[in-house]
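To start, the structure itself, in structure tokens.
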Amino acid sequence: MSTRAVLRAVGLGLSTGLLALVVGLAVVLIVVPKATGSTPLTVLTQSMEPTLPPGTLLVVRPTPVEDIRIGDVVTYQITAGQPAVISHRVVSVASSSDGSRTFVLKGDNNALADPAPVTAAQVRGVVWYSLPDVGLVNQLVNGSRAWLVPAIAGVLLAYGAVMVTIGTVSAVRRRGRRSGHPNRSRGAHRATLG
């Protein structure tokens with residue numbers, strides 16, 4: 001096998017691997033959350049270490065308040081109606097006489113519970129699954145550089161198309177060489193007759 005063939009095979013393998021990685025990230029960061037109504041978030045602080053260190057991707061699924069239990073990691077709005085959120089673990093649940101529930105939450109790495117009980121209106125959902133370090137990619141996808149991952153995916157798709165085209169053209173040329181160029185010999189024969 002020639003060096004050129006080895007390099008081509010390595011390039012094709014790398015591009016296929018990168019494409020698979022981008023597709024996998026797209027599924028985890030975009031497709032699954034959109035299909036389930038979940039929200040991808042990134043852990044930014046150390047309050048949930050060692051379980052959820054900074055850079056971890058959290059996918060938060062809307063959950064009925066009555067289904068939230070002690071031990072669940074809940075994402076809630078710091079102030080109801082405001083976009084800023086925190087994800088901490090439920091350490092106690094209180095029910096009032098009118099049936100409403102409040103939750104006391106605490107970061108796994110924090111010495112004290114959060115200062116105020118969390119109401120149902122503040123709860124955004126329960127952490128469904130988490131992936132270490134993938135949150136950094138989530139910041140790129142859903143942050144101010146939201147164009148970056150689609151641009152990379154487009155470049156990889158274009159590169160893949162070029163590689164497939166080159167491979168197809170090379171295969172056609174090889175077949176032509178093996179069969180003795182039948183099209184060229186017929187054309188040459190016609191030229192001498194005409």
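Quick rundown of the values:
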item: Residue 67 more than 26 Å from the chain's Cα centre (by Cα) and farther than 30 Å from residue 26 by Cα; result: no
item: Filtered residues of region 23-50 (kept if crowded, with 19+ Cβ neighbours inside 10 Å and within 20 Å of residue 160 (Cβ to Cβ)); result: 25
item: Of all residues in region 175-188 being modelled with pLDDT under 80 and charged (D, E, K, R), the one that is farthest from the chain's Cα centre (by Cα); result: 186
item: Any hit, region 89-96, residues being over 24 Å from residue 25 (Cβ atoms), among the charged types (D, E, K, R), over 22 Å from the mean Cα position of the chain (by Cα) and surrounded by fewer than 18 Cβ atoms within 10 Å (Cβ to Cβ); result: no
item: Residue in region 34-45 that is at pLDDT 75 or above and over 20 Å from the mean Cα position of the chain (by Cα) present; result: yes
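The values are calculated or read from the model by the stated rules, or taken from the named source; none is laboratory data. Quick caveat: nothing in here was measured; it's all calculated off a predicted structure. Note that we place each Cβ from the backbone using ideal geometry, even for glycine, and neighbour counts take in every protein chain shown.
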